[in-house]
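As structure tokens, the structure follows; a few thoughts come after it.
Please treat every number below as a calculation from the coordinates, not as lab data. These numbers come from a predicted model, not from an experiment. Here Cβ is always computed from backbone atoms with ideal geometry, including for glycine, and neighbour counts include all displayed protein chains.
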């Protein structure tokens, strides 16, 4: 039997922080921030993982907070800084978005509504739900992003349609649960996102999905920084480790 971890209370008056992440994203992070600021009245933070391309400077014209690493440490490590930032500044809900302009900021309310009005703890964005969608996505990534949730669902014991999409929202109360040990060193790359979803499900938090879109940028701007094999294993190993009880 899994322990119950969720909260059933609505969060209509909650403080919300929208975070996006960047490492040398060039013009893509500028477009991302422009769209976020235009779409939401919530606080916005840009988590800069040691960019050296000057892409942070144009962002200072916007009402956003920029948190920078002195060197590149990995998306998981930067996400941990976002988690600490949200807890330190007493935000109730954290929204996570990509910094390469793939996500649609106008869909943020779709992620927040189940939390703020229905009492959910975590809402995972899914491009595969009716109403969601994707574009300009390499075929190999279509296959990978459909295989991963199948394996994830078997291990987590709950069916999900999406488990690799970073576009999501959740209550920061999850981050205070000692059973969700998100500070572990092995979660510094792509592992942290599936780890958090897996633990939330298995611990009995109320989780659901919401339809979102994910449109990949032109290939010349770069699809992703994830490296074949190494990156794929990074995002898969939380499913393996947690499913087999090798990690906590």
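In table form, for the structure just shown:
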{"item": "Cα-based radius of gyration of the chain once divided by 2.2 N^0.38 Å, which approximates compact folds", "result": "0.94"}
{"item": "Least to most buried among 106, 171 (fewest other Cβ within 10 Å first)", "result": "106, 171"}
{"item": "Nearest-0.05 FRET efficiency for residue 87 and residue 215, computed from C-beta distance (R0 30 Å)", "result": "0.45"}
{"item": "Separation of the residue 43 and residue 246 label points, Cα + 7 Å toward Cβ, nm", "result": "3.9"}
{"item": "Separation in nanometres of the label points that stand 7 Å from Cα toward Cβ, at residue 61 and residue 177", "result": "4.2"}
{"item": "Two-decimal log10 I(q)/I(0) for the stretch 142-219, as the Debye equation yields it once each C-alpha is a single scatterer, q = 0.14, 0.22, 0.23, 0.25 Å⁻¹", "result": "-0.50, -1.17, -1.25, -1.41"}
{"item": "Label-point separation, residue 154 to residue 186 (7 Å along Cα→Cβ), nm", "result": "2.0"}
{"item": "Length added when fully stretched, residue 14-residue 147, from 0.36 nm per residue minus Cα-Cα", "result": "44.4 nm"}
{"item": "Enclosed volume per residue, in Å³, of the convex hull spanned by Cα atoms of the stretch 31-173", "result": "143"}
{"item": "Taking 203, 111 and counting other C-beta atoms within 10 Å, the order from fewest to most", "result": "203, 111"}
{"item": "Residues 44, 123 arranged by fewest to most Cβ contacts within 10 Å", "result": "44, 123"}
